[in-house]
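Visitor: The following block contains the structure, expressed as structure tokens.
The values are calculated or read from the model by the stated rules, or taken from the named source; none is laboratory data. Computed from a predicted structure; not experimentally measured. So basically every Cβ, Gly included, is an ideal-geometry build from the backbone, and we count neighbours across all protein chains shown. The accessibility values were calculated without ligands, DNA or RNA, using every heavy atom of the protein model including side chains. Shrake-Rupley method; radii C 1.70, N 1.55, O 1.52, S 1.80 Å.
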Amino acid sequence: MKNILKKIVIILLFLFIMSFIIIEGLIINEGRLDDDINSENIDYIIVLGARLYGSTPSPALYERLNKAYEYAVKNKKLKIVVTGGQGQNENIAEAEAMKKFLITKGIQEDRIIKEDKSTSTYENLKFTKNIIEKINKKNKYKVLIITSDFHLFRSKFLAKRLGFKAYGIPAKTPESIKKYIYLREYAAVIKSFLLD
């Protein structure tokens, strides 16, 4: 009995190590790539929310918004969906702060669509899909997801699961949270794969 338990523990440990290596490899690889994106093939830009400090974007969200701004300036016809509800210790919804940031930088308000009810990446994308389906009746939407490099693999995976044709542009992750966030993302990928 002891030998059987030992073998089970060794097998489980091996599976954990292998899954960790594979998933982290996918996360890191996806975060290094800018998809070869022709804006003619994109229906919407989706910028995924992240933490606010009161009503100020966190460093991670600031990086995402700057990437979104850069792309939006070059592709003036595209609408931008900003996503994220109001979390703990946040004075406003993430989407509202994101909209204000982009308007302050010079993006026209009528280009920005707000999804301000979500509390997770899955909800960001699901609620966004519900909003754009009311605006534009199509079978399949081609979207450009802008999020942090560590977050892009899971975001594109969930978008595809929801029926989007998804491309991505990674924003830089602040060094101060890099080690912790990549470990956390491993667990988030497994949770999303099984439950979302």
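Quick grid of which residues meet (1) over 18 Å from ASN66 (Cβ atoms); (2) open to solvent by less than 50 Å² (accessible area, probe 1.4 Å):
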| site | (1), (2) |
| --- | --- |
| VAL143 | yes, yes |
| ARG154 | yes, yes |
| PHE157 | yes, no |
| THR173 | no, yes |
| ARG184 | yes, no |
| LYS191 | yes, no |
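Visitor: OK, next. Kindly evaluate LEU12 against the criterion of being touching a residue at least 24 places away in the same chain (Cβ under 8 Å) and part of a helix (DSSP H, G or I).
Guide: In short, no.
Visitor: Contact list please: Cβ distance under 6 Å, first residue in region 55-69 and over 12 Å from LYS172 (Cβ atoms), second residue open to solvent by 60 Å² or more (accessible area, probe 1.4 Å) and among the charged types (D, E, K, R), pairs at least six apart or on different chains.
Guide: Going by the 6 Å Cβ cut-off, the qualifying pairs are SER58/ARG51; TYR69/LYS105.
Visitor: Among the residues of region 159-169 satisfying the criterion of being touching a residue at least 12 places away in the same chain (Cβ under 8 Å) and either at positive phi or in contact with a strand residue (DSSP E or B) (Cβ under 7 Å, 6 or more places away or on another chain) (or both), which is most open to solvent (accessible area, probe 1.4 Å)?
Guide: The extreme case among them is LYS165.
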